[in-house]
Amino acid sequence: SSMFVFPHKIILKTCGTTTLLLGLNRMLRIAATVAGFPFHNALSTDEIQVAATPYRVFYSRKNFLFPDRQQGPHRSWKQEVKYLDDMFEGGSAYMVGKMNGDHWYLYITSPSASTTPPRTPTDDDSSINGFNSGNSTNASSPILRTSKRIPTGIVSGPIADSNELNDETLEILMTDLDPVNAKQFYLEHASAVARDDIVARTNAALRATNNKQAAKDKISHMSDSTYSITGTEELFDVDDIASHSSNGSLTPMSEDHIDIDEALTTEGHALGTVVSDSCGLSDVYPKSAYPDARIDAYMFSPCGFSANGVVPAPAAAETTAATESTETSSETSENAKASMHYFTVHVTPEPNCSFASFETNVPGGQKGRQTADIVKQVVDIFRPGRFSVTLFEAKGKGAPAKDQYFLANDINGVPSPSGVAKPRLENIPGYRRIDRIVHDFEDYDLVFRFYERE
Amino acid sequence: TLSPSLATPHLTINHEVAADLDSSNAFEGPEKLLEVWFAPSATSLAPSVKENGLKSVPSDVWVGMLDLVNCKILSVVHSETVDAYLLSE
């Protein structure tokens, strides 16, 4: 599971039998009482509470494999919608895709034009709502009973000219993973890869040691002066390795040093990094193109994998050029300068319920890589039997032009100046596209695609 | 914790949770995804909102909310504009 906290929004994506919606009320209260967002009072069964008034809410998920094992309101889409409808006004629920096959659900609220001035929580309010005492929310109570549903879309202060520019989310949900590829996400396999990695590094270090010794011997015949060899000695303390080689205990002394015993017993992050590198995930947004990107990965025991990536947006000029878009909004550039994008990956490799998800808000076209490139690269990591792609994009300013660009990109890819054919979402090698469904929301475009292995 | 700077994302690991996590009983892959916006953008926060908005909320405050969800924090990548929490389950 993952959570991304921005100044103005929060994204929470949870796996398994987690009870995500049960945390929603607390989230709204934290936003009001701790962060200071505008709020309204809601009457629960026995007390007054405050809850921030969200600007808008999105909730989505794929159909569950085992809905009867879910908890709280998550046993059915109907219950989830009721839970959200009880909390928010003006929500709309959708099912996208085949009813008798894999499909995807979405609940979305629209920002309204309400002008009701919201109040700001005060200390007195905080003491009334019992936030600090922690007694106002009962985890076992699945539904906060409010006297009045929370109206979304009431925003005080300066209102942005449009929705967040460049707001684009790509999600790939993959099931029936190839068993060989899925093996990578078992602890046992990851440990073996880590061992192989250490052996390879050690061998490389030994080769460097031997080369250095050979060079040293050669040089000593020529002169007694000092010598210099560039290469792996900056990563490995060759003298230390040489001293250990006699007793068979080899430990590369590098910044990438992994203590395998510690990794197995206490450090899922270390093995998560190994898996992230070995499976190809680290190459989706590679260091060469995104030197300041950071991946935080974790390998679960006995299996399962999660990773979050934080990807700084490139400089404005680079973004504009790379998108090859006709849109040349200066606001887009300004926004890109300050923004940080994310991606997140979750894998459940067990054969009876194998699943992997990839989600990112790195805009398509960045660094010259189109959405179809990303989809192909991710799908190649898992080789799923079936997968869906949802592409969600704010229309923002200049909606008609962007809308046209978005849909054209989805269908055809973007033609490059060189005329070299770009990958198309329509054609993912080895897969047959089953569905393509477009939803034209008030301020968002959504394209849902579903593919099956050929 | 690596040396933090405003421009460079840095990682904090919650060893207390991450060290002995056993996911033997976890199952069912598909996730739920919730996205709640409290303002149209990071630059349009109401005057009453603290600087950095939700990012000003300390991690330990989110723990209470995540308890209701049945998730625990394994690690956090902090950056200038987003904090990325890796969670259990």
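Annotations
- Answer residue from region A:185-205, given it is surrounded by 17 or more Cβ atoms within 10 Å (Cβ to Cβ) and modelled with pLDDT under 85 and is farthest from A:ARG383 (Cα to Cα) among those: A:ALA205
- Within region B:27-41, considering residues that are buried (at least 19 other Cβ atoms within 10 Å of the Cβ) and in contact with a Cys (Cβ under 9 Å, 6 or more places away or on another chain), the one nearest to the other protein chains (Cβ to nearest Cβ): B:GLY29
- Residues in region A:165-202 that are in contact with a Ser or Thr (Cβ under 8 Å, 6 or more places away or on another chain) and not in a helix (DSSP H, G or I): A:LEU165, A:ASN166, A:THR169, A:LEU170, A:GLU171, A:ILE172, A:LEU173, A:MET174, A:THR175, A:ASP176, A:LEU177.
- Subset of region B:42-84 [in contact with a Leu (Cβ under 8 Å, 6 or more places away or on another chain) and at the interface with chain A (Cβ under 7 Å from one of its Cβ atoms)]: B:GLY53, B:LEU66, B:LEU68, B:VAL69, B:CYS71, B:LEU74, B:SER75, B:VAL77, B:GLU80
- Matching residues in region A:11-35 - criterion: being part of a loop (DSSP other than H, G, I, E, B), under 28 Å from A:LEU65 (Cβ atoms) and out of contact with any Asp or Glu (no Cβ under 7 Å at 6 or more places or on another chain): A:THR19
- Annotation note: Cβ proximity below 7 Å between a residue of region A:179-192 that is under 13 Å from A:LEU281 (Cα atoms) and a residue that is of a type in the set (A, V, I, L, M) (sequence gap 6+ or interchain) occurs for A:ASN181/A:ILE381; A:GLN184/A:VAL275; A:PHE185/A:VAL275; A:PHE185/A:VAL347.
- Looking across region A:46-89 at every residue that is under 20 Å from B:GLY64 (Cβ atoms) and modelled with pLDDT under 90, the one that is surrounded by the fewest Cβ atoms within 10 Å (Cβ to Cβ) is identified as A:ASP46.
- Unmet requirement for A:SER92, which otherwise passes all of (1) more than 7 Å from every other protein chain (Cβ to nearest Cβ); (2) touching a residue at least 60 places away in the same chain (Cβ under 8 Å): (2)
- Qualifying residue in region A:263-272 (condition: more than 30 Å from A:PHE185 (Cα to Cα), at pLDDT below 50 and of a type outside the set (A, V, I, L, M, F, W, C)): no
- Within region A:62-83, residues that are within 11 Å of chain B (Cβ to nearest Cβ) and more than 20 Å from A:PHE448 (Cβ to Cβ) have Cβ atoms under 6 Å from residues that are in a helix (DSSP H, G or I) and of a type outside the set (Lys, Arg) in these pairs: A:GLY72/A:LEU22; A:PRO73/A:LEU21; A:PRO73/A:GLN79; A:PRO73/A:GLU80; A:PRO73/A:TYR83, counting only partners at least 6 apart in sequence or on another chain.
The values are calculated or read from the model by the stated rules, or taken from the named source; none is laboratory data. Note that the coordinates shown come from a computational prediction; the quantities given were computed from them, not determined experimentally. Please note: Cβ atoms are built from the backbone with ideal geometry, for glycine as well, and neighbour counts cover all protein chains shown.
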